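Student: To start, I am sharing the structure in question, which I have written as structure tokens.
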Amino acid sequence: MRICLIAPLPPFRGGIAKYCYSLALELGKRHDLLLLSYARQYPEFLYGKKSQVDPDVDRDSIKSEFMKLSYDIDSINPLSWVRTMETITSFKPDAVIFPWWVVYWAPMYLYLLHSLRKRGIRVIFLCINVFEHEDNPVKKALTKLILGRVDAMIVHSEQEKREILEFNPTATVRKHLLPLFIYDIGPNQRHDGNLHLLFFGFVRPYKGIDILLEAVGILRGRDISLKIVGEFWNDKDVYLTRIKDLGIADKVEIVDRYVTDEEMSGYFAWADLVALPYRKSRTSGIIATAYGFGKPVLATDVGGFHEVVRDGLTGRIVTPDNPRAFADGIEWFIANREVDFAGNIAQFAADRMSWSSLVDTIEEFN
């Protein structure tokens, strides 16, 4: 097949770029692939002082991995959208794939969807998130406006499949669990007898860091260590004050910055357990990342987490918004260190969470 994928790719930062890069590598093994990425992904005011690109990733090195890759799309310039459509038309694809995760893309996607429909070109949406984690009525309306115009979609949880079919009942929606992100972890790091807990990723209110801190406070007498690795998008001082009030400053380390893949590997090598104390979510790339490192997760029972966490085998699922339940989950891991989590993860993910099987799912739309 001739496939066009319109997506952010490294050196842009974040899980979406890594997701699209991993997918592109697998698509390129089987299909004639045209990759169209961004010269400008977001305007600067949306990111503030934070950089949108990874300084350790060279764009030319990414280009060398693909036969047809350009970084020409300007997400806020309609003339760029027109040129993108001309490029797609000249390629004559059998299908165009779009990732969907935030409503920021609605204007550009509306134009491209309309143009592709007029030309009779199939469109497939990969819904990494259907609705945003921090949504509102306007965002939900824009999501329904876009996804209501698409007849072929892939989601990563049953909840999201049901949500789409509620407002677009004629669409063909297939589910595939979020594939693993595989990294070179190196040897596990063991420096003490503590249980090492890792929270990784952007720190936002819906992710429940306060719940995790309260749980560590409940277990302040236990041999545990927590690292919070990720940029804070809200007031970090609130969390620092709570850490002090709970008397757990000696157990918590905060790394408030972007970390490279190499640094990330070190943090996951250190970890015994990856914590997801989320108040709400549908899916999470952090679970797929943890599994890629062979690490179990302690997650709350929100969204589709129960579909990807096998309780007692690849991790534990606990009641959300409940510090005592999360503390009990940590205690369970302290008492069950002998479980072969890495082996269980490998067995569970082999047929369900691979990039190859995701491409198989895409091909079912042909």
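Student: So, counting K/R as plus one and D/E as minus one, what does the shell of residues with Cβ under 14 Å around Lys29 add up to?
Tutor: Values: positive: Arg30; negative: Glu26, Asp32, Glu65, Asp360, Glu363.
That works out to -4.
Student: Leaving out ligands, DNA and RNA, what percent of the accessible area of the chain is carbon and sulfur, probe 1.4 Å?
Tutor: In the chain, the share of accessible area belonging to carbon and sulfur is 50 percent.
Student: Calculate, for the chain, the solvent-accessible area per residue in square angstrom, rolling a 1.4 angstrom probe over the heavy atoms of the protein chains.
Tutor: Accessible area per residue, the chain: 43 Å².
Student: Where a Cα-Cα gap under 16 Å defines reach, which lysines qualify for Lys50, not counting those fewer than 8 residues away within the same chain?
Tutor: Lys236
Student: A further question follows. Ignoring everything but the protein chains, give the 1.4 Å probe accessible area of Trp81 in square angstrom, nearest 10.
Tutor: 30
Student: Can you figure out the FRET efficiency of Lys139 with Leu79, using R₀ = 35 Å and their beta-carbon distance, to the nearest 0.05?
Tutor: For Lys139 and Leu79, the calculated efficiency is 0.85.
Student: Another one. Per-residue accessible area for Asp32 at 1.4 Å probe radius, Å² rounded to 10?
Tutor: Roll a 1.4 Å probe over it and Asp32 shows about 50 Å².
Student: Can you give me the distance in nm between label points at Asp32 and Arg2, each placed 7 Å from the Cα along the Cα-to-Cβ direction?
Tutor: For the pair Asp32/Arg2, the computed spacing is 0.5 nm.
Student: Set the Förster distance to 25 Å, then compute FRET efficiency between Glu253 and Asp210 from the Cβ-Cβ distance, nearest 0.05.
Tutor: The value I calculate is 0.90.
Student: Oh, and also: Just grab the label-to-label distance for Glu364 and Glu166, each label 7 Å out from Cα along the Cβ direction, in nm (one decimal).
Tutor: 2.3
Student: Would you kindly find the accessible area of Met1, with a 1.4 Å probe and non-protein molecules such as ligands, DNA and RNA excluded, rounding to the nearest 10 Å²?
Tutor: Rounded to the nearest 10, that gives 60 Å².
Student: Lys175: which lysines have alpha carbons under 25 Å from its alpha carbon, excluding same-chain residues fewer than 8 sequence positions away?
Tutor: The reachable lysines, counting only those whose Cα sits under 25 Å from Lys175, are Lys18, Lys29, Lys139, Lys140, Lys144, Lys161, Lys207, Lys280, Lys295.
Student: Which of the peptides 203-210, 8-15 is most tightly packed, and how do the rest follow, going by the mean number of other Cβ atoms within 10 Å of each residue?
Tutor: Taking the mean over residues of other Cβ atoms within 10 Å, the ranking is 8-15, 203-210.
Student: Please give the residues of the stretch 1-38, grouped as numeric ranges, whose backbone N is less than 17 Å from a label point set 7 Å along the Cα-to-Cβ vector of Ser70.
Tutor: 3-9, 33-38
Student: On to the next question. Just to verify a number: FRET efficiency for Glu331 and Trp233, C-beta to C-beta distance, R0 = 22 Å, to 0.05? The partial results should precede the final answer.
Tutor: Numbers: r = 30 Å, r/R0 = 1.38.
The formula returns an efficiency of 0.15 here.
Student: Give the dimensionless ratio obtained when the Cα radius of gyration of the stretch 72-218 is divided by 2.2 N^0.38 Å.
Tutor: The reported ratio for this selection is 1.37.
The values are calculated or read from the model by the stated rules, or taken from the named source; none is laboratory data. Since we're looking at a predicted model, the values are computed, not measured. With ideal geometry, Cβ positions are generated from the backbone for all residues, glycine too; neighbour counts draw on all protein chains shown. Heads up: the accessible areas ignore ligands, DNA and RNA and are worked out on the full protein's heavy atoms, side chains in. Shrake-Rupley method; radii C 1.70, N 1.55, O 1.52, S 1.80 Å.
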